[in-house]
Amino acid sequence: MDKPVDFTLSCPIPIERYPHVLMAHGGGGRLMHDLIEKMIVPGFEGLPDARRHDSAVLATGSDRIAFTTDSYVVRPLFFPGGDIGSMAVHGTVNDLAMSAARPVALSAAFILEEGLPMETLWEIVRSMQAAAAAVGVKIVTGDTKVVDRGKGDGIFINTAGIGVPLTAAEISPRMVAPGDVVIVSGDIGRHGMAIMAAREGLELESAIDSDSAPVNNVVENLVAAGVEIHCLRDLTRGGLASAMNEIAGAAGCCIALDEAGIPVREDVRAACEILGFDPLYVACEGRFAAFVPESDSQRALEVMRAVPVSSNAAVAGRVSEAPARTVTLRTSVGTTRIVDMLSGEQLPRIC
């Protein structure tokens, strides 16, 4: 029999509904948002810039650095278009890129389950090496722990990264302003559908590969071109919809998306329809949204489309003042609906 729950009445999470951590608390939706904002962030108030952003930019004397960390628990470990090793490098590099920082060094910590085939571990390590070399970043430190058989699901990886900001300008959700244009760097939803197909053994008419990829070079080109960037956000757990809701809430604005401008591959759209998913909420691992002023939007598009990973970048929406803290979608048939934050878990263990 479970022990009585020893929570106080001041606990910020609705304990009556969630006496235990659920998979949905890691899904990128409202439950995860509430867990972070109401329980975890208040306990670590030393780094205010870490809130609602992918990495924190810190002042260290006369210099600044960006610092981030993330953990990877994807299942299966190998999937079309990638694996947990390459994704652990891409994810942390991309988190640094969202602060317009050039990655300098990464750490890698492995939690290994007893019984994991050594050949599998070696393949993952080599994949991490190749991904880091392709980005031009070094993995300089790390850690390894082994847990009992049946307690680790093969392997979990944590990577942390430091980077150097490429611009002195603040790039964060609070800089988003009415009049900004929202540009997505490519088609959305492929990572989530690739994982789903691999996990469930689905035989689709066409193979869907994950979009897992580094995007730091795209961001560096935007900065080098002098594009005024207000905010960058990668579209991982919770997809485009949850990312837009987080930014609309932080900036106190309205983000109006246009379905016709959001790139979704037909095979991904068809797979989502078959499985009952909304592409707006499906995770990506190599896509991001850029908020730029209208005057810089065409130049930003040209820069992004010149790089293969973002060659089909498109304008997905615009920012207005009202209704505040709201995301709307103009559908392909001309109607408008509210796009809320994902409330639970659509696809667990996606990254």
request  = Identify which of the listed values of percent of Cα pairs over 32 Å apart was calculated from the structure shown: (i) 37; (ii) 29; (iii) 48.
outcome  = (ii)
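Which value, in debye to the nearest 20, describes the size of the charge dipole of the chain about its Cα centre when Lys and Arg Cβ atoms bear +1, Asp and Glu Cβ atoms bear -1, and nothing else is charged?
The dipole magnitude comes to about 380 debye.
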inquiry  = As an exercise, use a Förster radius of 30 Å and the Cβ-Cβ distance of ASN312 and GLU205 to find the FRET efficiency, rounded to the nearest 0.05.
reply    = 0.90
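How much of the DSSP bridge set in the chain is antiparallel, in percent, rounded to the nearest 5? Before the final figure, lay out the partial values.
On the way: 45 of 59 bridges.
Counting DSSP beta bridges with both partners in the chain, the antiparallel share is about 75 percent.
Could you please state how large a percent of the accessible area of the range 21-176 is carbon and sulfur, counting protein chains only and using a 1.4 Å probe?
59 percent
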query = Which whole-number percent gives the relative contact order of the chain, counting Cα pairs below 8 Å spaced six or more residues apart?
reply = 23 percent
remark   = Taking R0 as 25 Å and r as the Cβ-Cβ distance between ARG349 and SER107, the FRET efficiency 1/(1 + (r/R0)^6), rounded to the nearest 0.05, comes to 0.65
key: Pairwise FRET efficiency - ILE338 versus LYS38, Cβ, R0 = 25 Å, nearest 0.05   = 0.65
remark   = A chain fully extended from VAL125 to ARG75 at 0.36 nm per residue, minus the present Cα-Cα distance, gains in nm 16.3 nm
note = the range 166-200 scanned against label point 7 Å out from GLU321 along Cα→C-beta; backbone N under 12 Å for 178-179
remark   = With all protein chains in place and a 1.4 Å probe, ASP83 shows an accessible area in Å² (nearest 10) of 20 Å²
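With each run of n ≥ 4 DSSP H residues scored as -39500 (n - 2.57), what mean residue ellipticity at 222 nm is computed for the chain after dividing by its residue count and rounding to the nearest 500 deg cm²/dmol?
Here the helix-only value at 222 nm equals -8000 deg cm²/dmol.
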task = Determine the gain in length on full extension of the stretch ALA224-GLU273; use 0.36 nm per residue of separation and subtract their C-alpha separation, reporting nm with one decimal.
result = 13.6 nm
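Using per-residue counts of other Cβ atoms within 10 Å, averaged over each peptide, order 296-302, 192-198, 233-239, 89-95 from highest down.
89-95, 233-239, 192-198, 296-302
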inquiry  = Please give me the summed charge of the neighbours of LEU77: other residues whose Cβ is under 15 Å from its Cβ, Lys and Arg +1, Asp and Glu -1.
reply    = -2
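Take the Cα gyration tensor of the range 60-148, multiply each eigenvalue by 5, square-root it, and list the three semi-axes largest first, rounded to whole angstrom.
For the range 60-148, the semi-axes come out at 26, 15, 11 Å.
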inquiry  = Shape verdict for the range 277-325, please, from the Cα gyration tensor: rounded (a/c under 1.5), prolate (a/b greater than b/c) or oblate.
reply    = oblate
query = Any idea how far apart GLN298 and LYS138 come out in nm if each label point goes 7 Å out from Cα toward Cβ?
reply = 4.4 nm
query = Packing-wise, with mean Cβ within 10 Å as the measure, how do 334-340, 100-106 rank, highest first?
reply = 100-106, 334-340
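The values are calculated or read from the model by the stated rules, or taken from the named source; none is laboratory data. Note that the structure is predicted; figures quoted are calculated from it, not measured. Cβ sites come from the backbone with ideal geometry, for glycine too, and all protein chains shown count toward neighbours. Note: accessible area is taken over every heavy atom of the protein model, side chains too, but ligands, DNA and RNA are not part of it. Shrake-Rupley method; radii C 1.70, N 1.55, O 1.52, S 1.80 Å.
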